[in-house]
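Accompanying notes for the structure given below.
The values are calculated or read from the model by the stated rules, or taken from the named source; none is laboratory data. This one's a predicted model, so the numbers in the text were calculated from it and none came from an experiment. Note: ideal-geometry Cβ built from the backbone for every residue, glycine included; neighbour counts use all protein chains shown. When the accessible area is computed, the model is the full protein with side chains, heavy atoms only, and any ligands, DNA or RNA have been set aside. Shrake-Rupley method; radii C 1.70, N 1.55, O 1.52, S 1.80 Å.
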Amino acid sequence: MIECFKTGPEGTVQIPSPVPGCWISVVAPDQQERTWLQEEVGIVPEFVRSAFDEEESSHTDFDDDTRQALIIIDCPAIEDDQESDDPSAVQYETQPLSVLFIPDRDIIVTVSLRRNETIEMFASGRMRNVNTNQRARLLLRMLLHISQRYLQCLRNIERQFNRNEKLLRETLQDEELVKMLGFQKSLVYFSTSLKADEATLLRIKSRHIIRLYEEDEDLLDDVFIEIRQAIEMTSIYTNILESTMDTFGTIINNNVNQVMRTLTVVTLVFSVPTIVFSFYGMNVPELPFGALWLGPIAVAFLLVFVALYTLRRKRII
């Protein structure tokens, strides 16, 4: 889907076709739209290939001949939209958002291979004071929203983690452990992508990719603050999650050891009557109470009592 937006006296509105000073939003494009970007908009083929690569990591690129710039940023996304309805089962991953600057046509293009909340926020008009004529500022405001989105997702992971930790304390069910592993995977995605995004921001700050004005510096600093806060939060949550998983792993192992010890004690205690009745069954002469039919039972109960008393004194049971 391709949409074009232009800021004018009446605000930012959608327009039917690209004009100078507009923003082109491309979401979940097909092959025909890919060809349109390359032939009609004039984007460098290498940049189009990178923008359509779902595995592309965050980085910047610049074409000296056309002076076009490509900036790819990793954005947080829900791993499975079907799980989003369950607040205790939401897991996250990251997806690339490509931003292309076309200076000869005075156009900025964003390419998202899937639904992107940041693009929806800007395209729907929910984000105020959007000006497509200020391309660098539009990019920085998108980056700020992406960094704030990271923080929202991290807080949601924390809430889910606390909820599942309470359930694990009560039940130790496999389902809750699997959710914990999902949180850990989400944090790994976030940690890797945030570090790559920070490196990309450093390249943007160097002003070798796009031109920044003095009033953009404060906005860029805000983005750096949010990104570094997200990196720190990700590191803290990762350490807490790893520590918690190690603790629950120790608890599970201890519970297994307790069960095995109980089964071993039961096996040993119940083997005593078997041994006693075996002796009496072999017609061994001069056994205690051998002349009485209750004798073997009495001897077996006595030895079982002695064994239980000994194990109890040694605090084995």
Query raised in the report: What is the number of the single condition among (1) open to solvent by 10 Å² or more (accessible area, probe 1.4 Å); (2) at pLDDT below 90; (3) polar (S, T, N, Q) that ASN116 does not meet?
Result: (1)
Report task. Answer with yes or no whether TYR189 is touching a residue at least 12 places away in the same chain (Cβ under 8 Å), in a helix (DSSP H, G or I) and more than 21 Å from ASP218 (Cα to Cα). Result -> yes
Requested in this report: Kindly list, by first and then second residue, each pair from a residue in segment 95-106 that is of a type in the set (Ser, Thr, Tyr) to a residue that is in a loop (DSSP other than H, G, I, E, B) and surrounded by fewer than 22 Cβ atoms within 10 Å (Cβ to Cβ), limited to pairs with Cβ atoms under 8 Å and residues at least 6 apart or on different chains.
Outcome: SER98/GLU56
Query raised in the report: Is it fair to say ILE209 is surrounded by 13 or more Cβ atoms within 10 Å (Cβ to Cβ), in the same structural domain as ARG141 (by the TED database), outside any helix (DSSP H, G or I) and in contact with a strand residue (DSSP E or B) (Cβ under 9 Å, 6 or more places away or on another chain)?
Result: yes
Report task. Could you tell me whether segment 161-170 includes any residue that is open to solvent by less than 40 Å² (accessible area, probe 1.4 Å) and within 13 Å of the chain's Cα centre (by Cα)? Result -> yes
Report summary line: With criteria (1) more than 26 Å from the chain's Cα centre (by Cα); (2) within 28 Å of LEU187 (Cα to Cα); (3) without any contact (Cβ under 8 Å) to a residue 12 or more places away in the chain, GLU120 comes up short on (1)
Query - Count of segment 8-59 residues which are modelled with pLDDT of 85 or more, more than 34 Å from the chain's Cα centre (by Cα) and open to solvent by less than 30 Å² (accessible area, probe 1.4 Å) - result: 2
